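A short write-up of the structure that comes next.
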Amino acid sequence: MPSVDVVLPLPFHTPFTYLVPDHLVPLLRPGARVLVPFRSRRVVGFVWGPGRGDLPAARLKTVLALLEREPLVPPDVQRLCRWIADYYFAPPGEALALAVPAKALKPIDPPVAPTAEGLARSDEGPALLKQLAAHKTLPLSFVQSDADRFAQAEELLAGGLATIGTPGGRLKAGTGVFALPQDVP
């Protein structure tokens with residue numbers, strides 16, 4: 001199984017190497033947010049680059065979920081964060097954490113849910129659609145953990161029969177979006 005280096009928004013100066021299921025390898029690019037196990041919890045990290053091949057696979061944990069299709073951190077911002085980490089001898093995960101909204105660092109496992117059309121077609125659809133109809137939602141990490149289930153989910157999402165939600169995705173009352181006035185230099 002291939003591996004990838006992941007930086008976490010924690011005070012560690014070296015990335016952690018995680019195994020990647022074969023079906024997720026083509027989708028993982030530097031700057032992508034991933035959900036990974038770390039000690040006794042789950043944390044959000046960022047793909048930093050290809051994994052080190054010198055580590056025994058038996059000692060590595062596996063990436064639980066890829067949280068977006070496109071990397072959240074664009075290449076130019078990644079270069080800036082790498083420079084910040086090198087120049088200021090800062091942990092790279094903390095440098096990257098400065099470049100994204102704080103909400104993007106919360107460890108979530110988004111639910112995959114059937115749409116109304118998906119529920120209507122659940123008797124004739126693939127096994128994953130039947131599971132979604134029975135359970136109402138399934139965690140993204142569960143859906144991405146198996147190649148067949150992942151392929152079925154891709155088909156369901158493309159066909160509008162399922163959707164990926166964001167738990168706690170609504171802003172609290174009184175939470176605003178702040179921007180600088182146009183005349184500020």
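The values are calculated or read from the model by the stated rules, or taken from the named source; none is laboratory data. Small disclaimer: the values here were computed from a predicted structure and weren't measured. A quick note on method: Cβ atoms are made from the backbone with ideal geometry, for glycine too, and the neighbour counts reach across all protein chains shown. To get the accessible areas, we keep the full protein, side chains included, count just its heavy atoms, and leave off ligands, DNA and RNA. Shrake-Rupley method; radii C 1.70, N 1.55, O 1.52, S 1.80 Å.
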Q. What whole-number value in cubic angstrom gives the convex hull volume per residue for the C-alpha atoms of the range 14-125?
A. 153
Q.
If I take R0 = 35 Å and measure r between the Cβ atoms of Asp54 and Lys136 in this structure, what FRET efficiency does the formula 1/(1 + (r/R0)^6) give, to the nearest 0.05?
A. 0.20
Q: Might you tell me the accessible area per residue for the range 1-91, computed with a 1.4 Å probe and given in Å²?
A: 55
Q | Spin-label model distance (nm) - Tyr88 vs Glu117, 7 Å beyond Cα toward Cβ | A | 4.7
